[in-house]
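Encoded as structure tokens, the structure appears first; notes follow it.
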Amino acid sequence: MSTAKTVSFRYIFYSLFTGLGIFLVAHSRPEETQLFWGNSDLWREPVLAGVFCGFLSALLGVYILLNRIV
């Protein structure tokens with residue numbers, strides 16, 4: 001059974017591991033990284049819409065649970 005300390009350690013570890021991986025890939029291929037950020041107009045709106053929908057769904061779920069609507 002996982003404790004809160006173990007869960008937080010795993011979260012921090014995997015977050016740092018993912019950030020390190022992104023950093024290494026970005027510095028190993030700088031021309032592809034510039035091309036990716038140069039074409040941000042292709043993916044910016046869908047990413048923002050996904051973040052907004054996720055945030056809105058989370059708020060709605062908390063509202064439903066706290067008010068015992070289900």
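The values are calculated or read from the model by the stated rules, or taken from the named source; none is laboratory data. From a predicted model like this one, the values you see are computed outputs, not experimental measurements. Every residue, glycine as well, gets a Cβ built from its backbone with ideal geometry; the counts of neighbours run over all protein chains shown. Surface accessibility is based on the protein's heavy atoms, side chains included, excluding ligands, DNA and RNA. Shrake-Rupley method; radii C 1.70, N 1.55, O 1.52, S 1.80 Å.
Once you divide the Cα radius of gyration of the chain by 2.2 N^0.38 Å, the number left is 1.67. Here the extension length gained between V47 and R29 equals 4.2 nm, from 0.36 nm per residue of separation less the Cα-Cα distance.
Dividing the summed -39500 (n - 2.57) terms of all DSSP H runs of n ≥ 4 by the residue count of the chain sets its mean residue ellipticity at 222 nm at -28000 deg cm²/dmol. Listed values for region 52-58 are Karplus-derived 3J(HN,Hα) couplings in whole Hz (6.51 cos²θ - 1.76 cosθ + 1.60, θ = phi - 60°), namely 5, 5, x, 5, 5, 5, 5, and x replaces Gly and Pro. Using the 1.4 Å probe convention, the accessible area of region 18-70 works out to 91 Å² per residue with neighbouring protein chains retained.
Label-to-label distance for I69 and S40 is 3.5 nm, based on points extended 7 Å past Cα in the beta-carbon direction.
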